[in-house]
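The values are calculated or read from the model by the stated rules, or taken from the named source; none is laboratory data. Remember, it's a predicted structure, so these values are computed and weren't measured experimentally. Here the Cβ is made from the backbone with ideal geometry for all residues, glycine too, and neighbour counts use every protein chain on show.
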Amino acid sequence: MEFTDYDTRLAAYAVVVDDDERVLLALWNEAEEGRWALPGGGVDFEETAEAGAVREVREETGYDVVLDRLLGVDSHVIPVERRLSDTDRPMKAVRVVYAATVVGGELTHEVDGTTDEARWFPLAEVADLPRVGIVDIALALWRQR
């Protein structure tokens, strides 16, 4: 399939782990049941992936972060029947993952967005949470750093 035959979505995410070995997650509300995700999401047309990651963390959690380093880039295909929008085109999701550190702000919940709540979780508890796949992918990249 040629690149003109499918949609592409660029997204950027941040793995934020504090000194107490807790990871910052946001409750994604676009599925039937909420699932925990990394703070992050779609990169706007005029912004860089780095700027998108920083903006998304602020919007979804209330925290200001600095990006420490690029952890990796992941991509996967979403077939037409799994798309959230009404379309006849599959989508390739390209996800850029950064390690980040909180430098300011205050934990708050996003209003009228794609997440409802932000919360710190001990890393050891993440495996028991209902979560989206990028959480496991990103934490594996973070552990390899």
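Residue by residue, here is whether (1) acidic (Asp, Glu); (2) at pLDDT below 90 holds:
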residue	(1), (2)
Arg82	no, yes
Arg89	no, no
Val97	no, no
Asp112	yes, yes
Ala127	no, no
Pro130	no, no
Ala138	no, no
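Among the residues of region 104-120, are any closer than 24 Å to Gly72 by Cβ and more than 17 Å from the chain's Cα centre (by Cα)? The answer is no, given that none of the residues of region 104-120 is closer than 24 Å to Gly72 by Cβ and more than 17 Å from the chain's Cα centre (by Cα).
Cβ contacts < 6 Å: first residue in contact (Cβ under 8 Å) with a residue 60 or more places away in the chain, restricted to region 102-119; second residue in a strand (DSSP E or B), any location; separation 6+ or different chain. Result? From region 102-119, the pairs are Val102/Tyr63; Val102/Val65; Thr115/Ala26; Thr115/Leu27; Thr115/Trp28; Asp116/Leu27; Glu117/Leu27; Ala118/Ala26. Residues in region 84-132 that are small (Gly, Ala, Ser) and out of contact with any strand residue (DSSP E or B) (no Cβ under 8 Å at 6 or more places or on another chain) were compared, and the one that is surrounded by the most Cβ atoms within 10 Å (Cβ to Cβ) is Gly113.
When the residues of region 35-60 are filtered to those that are outside any loop (DSSP other than H, G, I, E, B) and among the aliphatic types (A, V, I, L, M), the one that is farthest from Val111 (Cα to Cα) is Ala49.
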